[in-house]
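The values are calculated or read from the model by the stated rules, or taken from the named source; none is laboratory data. Predicted model only: the values in this text are computed from it and were never measured. Cβ placement follows ideal geometry from the backbone for every residue including glycine, while neighbour counts extend to all protein chains displayed.
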Amino acid sequence: MIPAKLISVQTGSGNLQKTFKGSSVTYGEDEILKHPLYKNVLYELEKAGKHIGINRNVMERLRLPRRSIRVSIPVRMDNDSVQVFNGYRVQHNHTLGPFKGGIRYHPGVNIGEVAALASLMTYKNSLLNLPLGGAKGGVQLDPSALSKAELESLTRRFTSELSPFIGPDKDIPAPDVGTNSETMAWMLDTYSLESGFSQTGVVTGKPIEIGGSKGRNSATGLGVVYALEKALEVQNKDISEVTIAVQGFGKVGLHACVEAHALGARIVAVSDRSGGCFNPKGLNITELIHYVEEHRFIKGYPKGEDITNEELLTMDVDAVIPCALDGVINADNMKNIKTSLIVEGANGPTAPEVGEYLSNNGALIVPDILANGGGVIVSYFEWVQDIGWLFWTEKEVRNKLKDIIYMSFDKVWKFAEDHPDKSKGKCNDLRLAAMGVSLMRLEKAMKLRGQAW
Ligand code: GLU
């Protein structure tokens, strides 16, 4: 029989076994290890670990998440039926600080995907020099198929199930695909009700009125553009002179378009899940936003030519910015990719061997853990502001975000120069370099904490 509170937990310490009877020691190890995205992350981990000779204990600890939690979430639907959803939270590593990472609502969510994304958060937070570990959560559902009342009820139940494991000092969720500031407000409220006082620091990405940070909504997109600027700089190009294609027009893609447009970039193609639009003269982003507000999707936007997502990715532009889901640049389309710069706004859009193929052919890929770090960076700022009860201006947030992305890019670039690929000379595999910077920090921290020797 499935225990009501918690189906199973994998934990390094075993403490939870005492608190939650019925939980098994491991949960989902097989499913995690065979998930394609998890395999990709492990491949990158092992490749970078070998390239720089990372300590064996460190590698061993990072191979599997520290704790994976699965809960079942019964929801009373509007028609009075009960539907049960699968919810997950995977806490990958907390050597550097409390676990941190988003919550995804999407039909493709499963333990393997959540674990892969949780491990990416560990590497991202380490690379960006944040005092945070890595986690991710999700519920397997299509949020557009649920009413607002159903989503609220589900989110509250999910939060309640997770409440022993999350908290401002333990694990701080945030929005991801399919969730937003409203979801975070419900989580904050449920958690605070259970603790008996308001705990604004339990989630980030919440509305400004209840402890959110200025600039959080646009943070990931803005970070993508700062990373784009740096990558163009090493290619001796200026953002005001380039053409760009952006896949995705949601939380990340839309803001990346707005910010790049403001800096003078010509955005010639944009897409969402309905398809895309191409205009060689450049799209008017403000007009496109109004169109999507009215018609929900980009498809049919009259001031350009209809294109498919596939056509967008293979365009001959200065930069392609995938800001939707993982795996979109893959073995099927890699030979058709023409751009010399890919900036990964999404998590895991390029498979490792595909990235290697493109890098070998001269393309520069700014990896997800660097390019889309803006979200968690401003989440960190939000958490700091909540703890200190002192709030910053938008200008302060943007400047500090820029500093971190610029500094992280420089560190990755230098690492690539200092660790050349022996067979090919200078390493232009920025994913390998980013993982290298990240792993070196984790290794140092684990050694200092006596977790590796
Ligand atoms: N979901 C975002 C990411 O993948 C933000 C996570 C956070 O702010 O904790 O980086």
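If I365 satisfies every condition in (1) under 19 Å from the mean Cα position of the chain (by Cα); (2) assigned to a helix (DSSP H, G or I); (3) touching a residue at least 40 places away in the same chain (Cβ under 8 Å) but one, which is the exception?
(2)
A quick yes/no check of all residues on (1) modelled with pLDDT under 95; (2) within 11 Å of the ligand (Cβ to nearest atom); (3) under 30 Å from A434 (Cα atoms):
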site: A149; (1), (2), (3): no, no, no
site: E152; (1), (2), (3): no, no, no
site: A185; (1), (2), (3): no, no, no
site: L193; (1), (2), (3): no, no, no
site: I208; (1), (2), (3): no, no, no
site: S213; (1), (2), (3): no, yes, yes
site: L222; (1), (2), (3): no, no, yes
site: V225; (1), (2), (3): no, no, yes
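Step by step: first the residues of region 372-418, then only those that are touching a residue at least 24 places away in the same chain (Cβ under 8 Å) and of a type in the set (D, E), then the one that is nearest to the ligand (Cβ to nearest atom). Which residue is that?
Once the filter is applied, the top-ranked residue is E382.
Name the one entry in Y123, Y88 that is over 19 Å from R431 (Cα atoms) and either touching a residue at least 24 places away in the same chain (Cβ under 8 Å) or assigned to a helix (DSSP H, G or I) (or both). Quick ask: steps written out before the conclusion?
Details: Y123 fails: over 19 Å from R431 (Cα atoms).
The unique qualifying residue is Y88.
Name every residue in region 244-290 that is β-branched (V, I, T) and either without any contact (Cβ under 8 Å) to a residue 60 or more places away in the chain or over 20 Å from S340 (Cβ atoms) (or both), in order of residue number.
V252, V258, I267, V268, V270, I285, T286, I289 - these are the residues of region 244-290 that are β-branched (V, I, T) and either without any contact (Cβ under 8 Å) to a residue 60 or more places away in the chain or over 20 Å from S340 (Cβ atoms) (or both).
Provide a single number: the residues in region 197-225 that are part of a helix (DSSP H, G or I) and more than 16 Å from I172 (Cβ to Cβ). Write out each step before concluding.
We begin by selecting, within region 197-225, every residue part of a helix (DSSP H, G or I); these are 200-202, 208-210, 219-225.
Cutting the leftovers down to more than 16 Å from I172 (Cβ to Cβ) gives us 208-209, 220-225.
Residues flagged as part of a helix (DSSP H, G or I) and more than 16 Å from I172 (Cβ to Cβ) within region 197-225 amount to 8.
Tell me which residues, restricted to region 289-310, are hydrophobic (A, V, I, L, M, F, W, C) and under 27 Å from N330 (Cβ atoms).
V292, F297, I298, I307
Show the residue pairs meeting these rules: Cβ distance below 9 Å; 6+ apart or different chains; first residue within region 334-359 and among the aromatic types (F, W, Y); second residue not in a loop (DSSP other than H, G, I, E, B).
Within 9 Å, the pairs are Y357/M334; Y357/K335.
When only residues in region 65-116 that are more than 16 Å from the ligand (Cβ to nearest atom) and of a type in the set (D, E) count, which is surrounded by the fewest Cβ atoms within 10 Å (Cβ to Cβ)?
So, considering only residues that are more than 16 Å from the ligand (Cβ to nearest atom) and of a type in the set (D, E), the one surrounded by the fewest Cβ atoms within 10 Å (Cβ to Cβ) is D80.
Quick one: count up the residues across region 356-371 that are closer than 18 Å to L313 by Cα and within 15 Å of the ligand (Cβ to nearest atom). Please lay out each step first, then the result.
Step one: filter region 356-371 for residues closer than 18 Å to L313 by Cα, giving 356-359, 361-368, 371.
From what is left, the residues that are within 15 Å of the ligand (Cβ to nearest atom) are 366-368, 371.
Count: 4.
I'd like to check something: does region 158-165 contain any residue that is farther than 26 Å from K444 by Cα, within 13 Å of the ligand (Cβ to nearest atom) and crowded, with 22+ Cβ neighbours inside 10 Å? Write out each step before concluding.
Of the residues in region 158-165, the ones farther than 26 Å from K444 by Cα are 158-165.
From what's left, within 13 Å of the ligand (Cβ to nearest atom): none.
The answer is no; no qualifying residue exists.
State yes or no: is N125 within 26 Å of P352 (Cβ to Cβ), within 16 Å of the ligand (Cβ to nearest atom) and either surrounded by fewer than 24 Cβ atoms within 10 Å (Cβ to Cβ) or of a type in the set (S, T, N, Q) (or both)? Break it down stepwise before answering.
Working: within 26 Å of P352 (Cβ to Cβ): yes; within 16 Å of the ligand (Cβ to nearest atom): yes; either surrounded by fewer than 24 Cβ atoms within 10 Å (Cβ to Cβ) or of a type in the set (S, T, N, Q) (or both): yes.
For N125, the condition - within 26 Å of P352 (Cβ to Cβ), within 16 Å of the ligand (Cβ to nearest atom) and either surrounded by fewer than 24 Cβ atoms within 10 Å (Cβ to Cβ) or of a type in the set (S, T, N, Q) (or both) - is met.
Do we have any residue at all in region 297-312 that's of a type in the set (A, V, I, L, M), assigned to a strand (DSSP E or B), in contact with a Gly (Cβ under 8 Å, 6 or more places away or on another chain) and more than 16 Å from the ligand (Cβ to nearest atom)?
Scanning region 297-312, I find at least one residue that is of a type in the set (A, V, I, L, M), assigned to a strand (DSSP E or B), in contact with a Gly (Cβ under 8 Å, 6 or more places away or on another chain) and more than 16 Å from the ligand (Cβ to nearest atom), so the answer is yes.
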